[in-house]
Amino acid sequence: MSFQLQQLINLLLLLVVGKYVAHIYLPWKEMTGILLFTFFIEHLFYYIKNKTLNCISFSSLSTAIGVMLMMVSTEYIIYFIVIFFALLQKQFLQYHKRHFFNPSNFALITGLCFFYNDAHLILGQLGHEIWLLWSVGILGISILYRVNRWIIPVGFVLTYLLFQYFIIVQSDPMLIMEDIYYRFYSVSFIVFILFMLTDPRTTPTKKWTQIYFATVISFFTTLLDYHYGFRVQHLFMVLFFCSPWVVLIEEYKNSADRKALLLMTLTIVFLALSAIIYIQIQPPYYFEMDK
C-alpha cells in the first residue's frame, strides 16, 4: 500500500468518526461533492501538465479532507475555490517536482486571505475524546515512521511547550501551563501536527534539518501568540511562510540555476508574507463548537 493511500484511508476514518461523534458540520452530500470535485480537478490539472493520465492521485483527496477538518465556511462554494487553487499551485508551482506549499495549508490560507469573514479555521471539529486522540496518534505515527518524518512532531511538541512556557506563561501571570497542555487535547490540533506539519513533499529530508524546521515553526508561532494572543491561524501562517524555504535549502546546492531558484523562492516568500500580514491585521473571530 502506498503512503498516499494509507494516509487517505486514515483521514477518511477520522472524517467518518468525526461526523458521528464530534462536530463536523458539513452534511454527507456536501462532503461527497467536495471529494468528487477534488478528484476531477486534480486529474484534470495532471493531464494538462503531463499530457497523460497514468496514475490515481490519492493525495488530492487527503487535501480535501484536511480542508474539511480544519475549516468551517458559511458558503459551500468557498470549499471548491480554495481547493481549486491549492491543487493548481500543487501541479504548476513546483521546482524539480517539489511544490512549495502543503496543498491543504495553501487552501486554508487562501480561505483566510480572500474569504476571512466567511471561512474560519478551527481546532474543534474532531472534539476532545481521549480514545480518538490516541487513535489519531497511532495512525499518524504509523505513517510518519514509514516516511521518516517522526522527528518533526516530536521536535515541534517539545520546543512548542518550552517556548510557550518561557515566552508566554512566564510573561502572563493569568496564564498557567495547563492552559497550554489543554490545546493538545484537541484532536484537530494533533491532526495538524501529525498530518499537515509532516508532509514529505514540503518538509526537510535530513534529521537535523527536520529538528530545525520543527523548532522554527514552534518559535515563530509562539512569537505571534506573544504579540497578538493565541489564535489558531498562527500555526498555519507560520507553516505557510516556512515551507518555501525548505525547497530553497534542499535544492540550492544541486540546482543548475541557483539564481533563478533564489529569485523564485524570494518572490513566493514575499507574496506569502504579504498574505500573512493582511490576514493578521484582520480582527480576531470567536467560533463556538456546538452539536
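Here is how the numbers come out for the structure above:
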read-out	value
Identity of the residue in region 231-254, free of Cβ contacts under 8 Å to residues at least 24 places away in the same chain and either surrounded by fewer than 18 Cβ atoms within 10 Å (Cβ to Cβ) or outside any helix (DSSP H, G or I) (or both), that ends up nearest to the chain's Cα centre (by Cα)	Tyr252
Selection from region 197-216 of residues that are touching a residue at least 60 places away in the same chain (Cβ under 8 Å) and surrounded by 22 or more Cβ atoms within 10 Å (Cβ to Cβ)	Asp199, Thr202, Gln210, Phe213, Ala214
Filter result for Leu261 (in contact (Cβ under 8 Å) with a residue 60 or more places away in the chain, over 19 Å from Leu158 (Cβ atoms) and open to solvent by less than 20 Å² (accessible area, probe 1.4 Å))	yes
Enumeration of residues in region 45-64 that are among the β-branched types (Val, Ile, Thr) and in contact with a Ser or Thr (Cβ under 8 Å, 6 or more places away or on another chain)	Thr63
Identity of the residue in region 111-134, without any contact (Cβ under 8 Å) to a residue 60 or more places away in the chain and over 17 Å from Gln233 (Cα atoms), that ends up least open to solvent (accessible area, probe 1.4 Å)	Leu133
Residues (loosely packed, with under 12 Cβ neighbours inside 10 Å and under 14 Å from Tyr226 (Cβ atoms)) located in region 163-173	Phe166, Gln170, Ser171
Where a residue in region 9-20 is within 10 Å of Met31 (Cβ to Cβ) and its partner, wherever it lies, is in a helix (DSSP H, G or I) and of a type outside the set (S, T, N, Q), with Cβ under 9 Å and at least six apart	Leu15/Met31; Leu15/Ile65; Leu15/Met68; Leu15/Leu69; Lys19/Trp28; Lys19/Met31
Residue check for Tyr47: open to solvent by 70 Å² or more (accessible area, probe 1.4 Å), assigned to a helix (DSSP H, G or I) and within 25 Å of Ile130 (Cα to Cα)	no
Index of the failed condition, Phe184 passing every other in (1) open to solvent by 10 Å² or more (accessible area, probe 1.4 Å); (2) outside any helix (DSSP H, G or I)	(2)
Qualifying residue in region 37-46 (condition: under 19 Å from the mean Cα position of the chain (by Cα) and modelled with pLDDT under 90)	no
Matching residues, region 248-263, being among the aliphatic types (A, V, I, L, M) and at pLDDT below 90	Leu248, Ile249, Ala256, Ala260, Leu261
Qualifying residues in region 135-149 (those that are in a loop (DSSP other than H, G, I, E, B) and surrounded by fewer than 19 Cβ atoms within 10 Å (Cβ to Cβ)) - the one modelled with the highest pLDDT	Asn148
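The values are calculated or read from the model by the stated rules, or taken from the named source; none is laboratory data. On a predicted model such as this, the values are computed, not experimentally measured, just so you know. Glycine gets a Cβ as well: all are built from the backbone with ideal geometry, and neighbour counts include every protein chain shown. The protein model used for the area step is the full one, side chains on, heavy atoms only, and it has no ligands, DNA or RNA in it. Shrake-Rupley method; radii C 1.70, N 1.55, O 1.52, S 1.80 Å.
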